[in-house]
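Participant: Questions regarding the structure given below will be posed in turn.
Every read-out reported here was derived from the displayed coordinates using simple, explicitly stated rules and does not represent laboratory data. The shown structure was predicted, so the numbers you read here are calculated from the model rather than taken from an experiment. Backbone-built Cβ (ideal geometry, glycine too); neighbour counts: all protein chains shown.
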């Protein structure tokens, strides 16, 4: 039985978002060296890399190949995110947003497990259910690392990228936030 378009699109999205996570988290790991997040990021990225390798032959049997274009696009997005967006973020913000990437992958796996189960693609459904459970456990570990950053608030709000460019980007983001706070105070005074 051929893949339903919902499966086809979902598995291609899994290739893309999984590869994006692997690429992005590899960069984050180095920037959060010495924190509980370092090992959690490394171990989870390695697990997602393993999942993608195991997925390739399963979808290939169904005529779906996602290695070159889908994973290549994901790697590019992950690299761009690490090189551009993350420079504007504090350490805690970057880690919390990264956790959202993993939540996206685990939710996608749960969705694909259900679609594949309904379509009687038993092996794909089992694969997705198994990996969804495993990565949900990893998400708990990463969430714990996020919470642990709160134990040192000064370190948590340090720029993720300590380079001069990273510090400039972080200063810009902080200035935009400060202007936003001022606008909100003015609006509150006028309405109160």
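Participant: Which of these, 155, 45, 113, has the largest mean-square fluctuation under a Gaussian network model of the chain (Cα springs below 10 Å)?
Facilitator: Of the options given, 155 has the highest mean-square fluctuation.
Participant: Using a 7 Å offset from the Cα along the Cα-to-Cβ direction at both residue 114 and residue 65, what is the distance between the two label points in nm, to one decimal?
Facilitator: Calculated label separation equals 3.2 nm.
Participant: Just subtract the alpha-carbon distance of residue 136 and residue 191 from 0.36 nm times their residue separation and send over the number in nm, one decimal.
Facilitator: That works out to 15.4 nm of additional length.
Participant: How far apart, in nm, are two points set 7 Å out from the Cα along the Cα-to-Cβ line at residue 104 and at residue 122?
Facilitator: If labels sit at residue 104 and residue 122, their model points lie 3.4 nm apart.
Participant: Sticking with this one: Across segment 5-161, what fraction of all alpha-carbon pairs, as a whole percent, falls in each successive 10 Å bin from zero upward?
Facilitator: 11, 41, 30, 14, 3, 0
Participant: Can you pull the one-decimal nm distance between simple spin-label points at residue 184 and residue 43, each 7 Å off the Cα toward Cβ?
Facilitator: 3.6 nm
Participant: Then there's this: Can you order the peptides 22-28, 47-53 by their average number of other Cβ atoms within 10 Å per residue, highest first?
Facilitator: 22-28, 47-53
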